[in-house]
Amino acid sequence: MDALVDEILKSYEEHPETCSINTRNRINKDIIIDILEEIRSVVFPGYFEVKNLNAQSIEYHVGELLEDIHYRLRKQVAKALYHTNEKGIREEDAQLRAEEIVKAFLKRIPALREVLATDVQAAYDGDPAAFNTDEVIFSYPGVFAITVNRIAHELHVLGVPLIPRMMTEYAHSLTGIDIHPGATIGRYFFIDHGTGVVVGETTKIGDYAKIYQGVTLGALSTRGGQCLRNTKRHPTLEDNVTVYSGASILGGDTVIGAGAVIGSNAFITSSVPGGTRVSIKNPELQFKDRRERGVKMTELGQEGFWTKDNE
């Protein structure tokens, strides 16, 4: 056992990039998720609390939540700031900047609620299977992923490292919807079903856009690695664009014009004019009776037929 411990400690020295030792600035992922859920409770009051809310208690409830969010988020943001490219940032500076960031973020909550109300309405209006907007808020994975992304995006814009991505990856793990917090998304955004959706960092999406499961809004190539940082790598979708399941739209210069409809499984790497409908020509389907030229498989003790296609 001693030899094994020594070997593992040696690997820590050889690969310091995978260690977080001797630091007081480790971000707590569980606390980040807990803060995120508290923010959702402020954004959608009465949906996720254990106790019912009423007009007499709502003011106290919201105030208590905001106090807790402010206190804990400020501490986590201060720790996150040590992970920027700034070398030797002082603790006092990190604390002051974290205070400014969290205050600015909390002031954005009313505007955040306003835009999320449009997303909930878009989900309800766009899905005939939706019973009411309560069902949309409670159970739609697209609405959950969009909510988390809009919260994370506000922190991303304010310059917070790490935490926004931790939030969106939490949503990704639960829904299969991967939206980078850097993506810019307009009002009335709806993701239907959602599993397998990927939206890259520099994607721009206009108002009233709708995308389905398996859609990728990605980069043409990432072979340049870190050299591509801060470049427009992902596409732009203008207003009222619909993208059906399995479609891939790639490239920073690719613009899908307003009102365009992209059909299922389309692979697009160049711009599409507004009002255009893009679809894949249906492949020819062949139907063959498997019993033709077949021999019954009685020797295997089961019903079935063997054809040359099985050879």
Region 148-248, accessible surface, carbon-and-sulfur percent (1.4 angstrom probe): 50
Mean-position separation - Cα centroids, region 35-64 and region 142-158, in angstrom: 19
Proximal charge balance of Leu53 [Cβ under 15 Å; K/R count +1, D/E count -1]: -3
Neighbourhood net charge (10 Å Cβ-Cβ; Lys/Arg +1, Asp/Glu -1) for Phe190: -3
Region 155-228: C-alpha gyration tensor shape, a/c 1.5 cut-off, then a/b vs b/c: rounded
Peptide ranges 189-196, 49-56 listed from the most packed, as the mean C-beta count within 10 angstrom indicates: 189-196, 49-56
Inter-label distance for Phe287 and Asp253, nm, one decimal - labels placed 7 Å from Cα along Cα-to-Cβ: 4.6
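Using C-alpha positions alone, give me the convex hull volume of region 18-60 per residue in cubic angstrom.
Details: hull volume 4.7 nm³, N = 43.
Convex hull volume per residue, Cα atoms: 109 Å³.
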Full-stretch length increase - Glu169, Arg24 - with 0.36 nm per residue and alpha-carbon distance subtracted: 49.8 nm
The chain - charge dipole about Cα centre, Lys and Arg +1 at Cβ, Asp and Glu -1, debye rounded to 20: 800
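At a 1.4 Å probe radius, carbon and sulfur cover how many percent of the accessible area of region 32-104?
Working: 2200 of 4330 Å².
Whole-percent figure for carbon plus sulfur exposure: 51.
With a ≥ b ≥ c taken as the square roots of the eigenvalues of the C-alpha gyration tensor of region 111-167, please select rounded if a/c is under 1.5 and otherwise prolate if a/b is larger than b/c or oblate if it is not? Let's see the in-between values first.
Values: a/c = 3.71, a/b = 2.29, b/c = 1.62.
Prolate.
Can you compute the FRET efficiency between Tyr71 and Ser271 using 1/(1 + (r/R0)^6), with r the Cβ-Cβ distance and R0 = 41 Å? Round to the nearest 0.05.
Numbers: r = 47 Å, r/R0 = 1.16.
For Tyr71 and Ser271, the calculated efficiency is 0.30.
Under a Cβ-Cβ cut-off of 9 Å, what is the net charge of the residues other than His180 that fall near it, where Lys and Arg count +1 and Asp and Glu count -1? Walk me through the numbers on the way to the answer.
Working: positive: Arg165; negative: Asp178, Glu201.
Counting the neighbours of His180, the net charge comes to -1.
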Efficiency of FRET from Cβ geometry, Glu92 and Met1, R₀ 45 Å, rounded to 0.05: 0.55
Listed peptides 126-133, 77-84, 269-276, 113-120 by packing density, highest first (mean Cβ within 10 Å): 77-84, 113-120, 269-276, 126-133
Point-to-point label distance, Asp34-Ile280, nm (Cα→Cβ direction, 7 Å offset): 4.6
Interchain or long-range residues, amide H under 5 Å from Ile205's placed H: Thr184, Ile185, Gly186, Leu237
Label-point separation in nm, Asp125 to Asp207, each point 7 Å along Cα→Cβ: 1.0
Degrees, to the nearest 10: 141-157 long Cα axis against longest axis of the chain: 40
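How much accessible area per residue does the chain have, counting only protein heavy atoms and a probe of 1.4 Å, in square angstrom? Numbers along the way, then the final one.
Numbers: 18430 Å² over 311 residues.
With all protein chains present, the chain gives 59 Å² per residue.
Going by average Cβ neighbours within 10 Å, how do the peptides 13-25, 141-153 rank, with the highest at the top?
Working: 13-25: 8.5, 141-153: 23.8.
Highest-to-lowest ranking by the protection proxy: 141-153, 13-25.
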Zone of Arg229's modelled label, taken as backbone nitrogen in region 193-207 under 14 Å from a point 7 Å along Cα→Cβ: none
Unit Cα scatterers, Debye sum, the chain: log10 I(q)/I(0) for q = 0.07 Å⁻¹: -0.40
The chain: angle of helix 58-81 to the longest principal axis, Cα-based, in degrees nearest 10: 90
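The values are calculated or read from the model by the stated rules, or taken from the named source; none is laboratory data. Given the structure is predicted, the values throughout are model-derived calculations rather than measurements. Neighbour counts run over all protein chains shown; Cβ positions are idealised from the backbone, glycine included. All accessible areas refer to the heavy atoms of the entire protein, side chains included, with ligands and DNA or RNA removed. Shrake-Rupley method; radii C 1.70, N 1.55, O 1.52, S 1.80 Å.
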